[in-house]
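**Student:** Provided herewith is a single structure, encoded as structure tokens, for subsequent inquiry.
The values are calculated or read from the model by the stated rules, or taken from the named source; none is laboratory data. In this text the structure is predicted, and so the values were computed from the model without any measurement. No Cβ is skipped: glycine too gets one built from the backbone with ideal geometry, and neighbour counts run over all protein chains shown.
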Amino acid sequence: KERIFFGGPGLELNAQAQKEAAIALARELQSERAVIVGTPVRRRNLRTGQVDDLPPLHVAAMLAGMWCAARPEVPLTNKTIYAQGLTYRYSQVDLEDFLKEGVVPIAQDPEQGTYIIVQGLTTWRKDTNPMRRKLQGVSIRDYLTRKLRLYTKKFVGAVGDATTVESILNAVETALAEEVRGGRNPEGVLTTGTGPDGEPEPAYKNITAVFDGIELVAVEFEAHPVGEVAYITVTAFLTPTRIVRSA
């Protein structure tokens, strides 16, 4: 019931046309349910031995396979893809343009020489909400939705009384508790943190279950999903020091 579309344009004649085609496609979609790859790569054909140019739509299929094989909290950002080169070279400004427009570019790591996914993004551009703009955020949200649906579906058809509502509440709390990341659960998708007041913030809180008296039980809660590290900045404060020697 939760689906993600991976796609991209075909191979264009030059770098600028390729960039424009990808951005146009992303603008047309503008969805948290769509991932568009903008850059073609060069890859050896194992049957012919020749190095072929793979259009972005084929590269998108590679990313879809990587995404399906990974846990929901694991970002595609900075992951290596198998390639022998890039069809077109893009500057840092071009890469930033891709990201701003919700397009996933592939670039070469200057230190390792490998080819990496610059960031795992969706085509969502209405705001910067990471639960919609980041592929990892959408994956976590979908994962929690599926899990909570699995934990509560057994109550559909039950008697709508206080006992059932309490049982639904407990089932949701159990599901969320299982996802708190820590030493004993290194694969959880929820994390504790620090609130605006500096006090510890639980991974989830304020769970409520309300029966409307007719047929609907509405469950609400607050939770903090893990994020992804997309950038690292290092600030060094370097000052000369006085040195004195004596004998």
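**Student:** Can you tell me which residues in the stretch 28-58 are over 21 Å from residue 137 (Cα atoms) and assigned to a strand (DSSP E or B)?
**Tutor:** Listed by number, the residues that qualify are 41, 42, 43, 44, 51, 52, 53, 54.
**Student:** Among the residues of the stretch 143-194, write down those that are surrounded by fewer than 17 Cβ atoms within 10 Å (Cβ to Cβ), over 21 Å from residue 132 (Cβ atoms) and basic (Lys, Arg).
**Tutor:** Answer for the stretch 143-194, where residues must be surrounded by fewer than 17 Cβ atoms within 10 Å (Cβ to Cβ), over 21 Å from residue 132 (Cβ atoms) and basic (Lys, Arg): 153, 154, 184.
**Student:** Can you report the number of residues in the stretch 61-84 which are exposed (fewer than 13 other Cβ atoms within 10 Å of the Cβ) and touching a residue at least 40 places away in the same chain (Cβ under 8 Å)?
**Tutor:** 2
**Student:** Taking interchain pairs and intrachain pairs at least six residues apart, which have beta carbon atoms under 8 angstrom, with the first residue in the stretch 106-119 and in the same structural domain as residue 95 (by TED's automatic domain parsing) and basic (Lys, Arg) and the second surrounded by fewer than 18 Cβ atoms within 10 Å (Cβ to Cβ) and modelled with pLDDT of 95 or more?
**Tutor:** Within 8 Å, no pair qualifies.
**Student:** Considering only the stretch 188-222, state which residues are among the small types (Gly, Ala, Ser), at pLDDT 95 or above and either part of a strand (DSSP E or B) or in contact with a helix residue (DSSP H, G or I) (Cβ under 6 Å, 6 or more places away or on another chain) (or both).
**Tutor:** Selection gives 209, 218.
**Student:** Hey, does the stretch 109-127 have a residue that's of a type in the set (Lys, Arg), buried (at least 17 other Cβ atoms within 10 Å of the Cβ) and in contact with a Lys or Arg (Cβ under 9 Å, 6 or more places away or on another chain)?
**Tutor:** Within the stretch 109-127, one or more residues are of a type in the set (Lys, Arg), buried (at least 17 other Cβ atoms within 10 Å of the Cβ) and in contact with a Lys or Arg (Cβ under 9 Å, 6 or more places away or on another chain).
**Student:** If I filter the stretch 40-83 down to residues being among the polar types (S, T, N, Q) and modelled with pLDDT of 95 or more, which single residue comes out as farthest from residue 227 (Cα to Cα)?
**Tutor:** Selected residue: 80.
**Student:** Now a separate question. Mind checking whether some residue in the stretch 26-44 is more than 22 Å from the chain's Cα centre (by Cα) and surrounded by fewer than 17 Cβ atoms within 10 Å (Cβ to Cβ)?
**Tutor:** Yes, there is a match, as at least one residue in the stretch 26-44 is more than 22 Å from the chain's Cα centre (by Cα) and surrounded by fewer than 17 Cβ atoms within 10 Å (Cβ to Cβ).
Yes or no, residue by residue, for (1) among the β-branched types (Val, Ile, Thr); (2) more than 15 Å from residue 117 (Cβ to Cβ); (3) assigned by TED's automatic domain parsing to the domain that holds residue 191; (4) touching a strand residue (DSSP E or B) at 6+ places or on another chain (Cβ under 6 Å):
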site	(1), (2), (3), (4)
21	no, yes, no, no
45	no, yes, no, yes
74	yes, no, no, no
87	yes, yes, no, yes
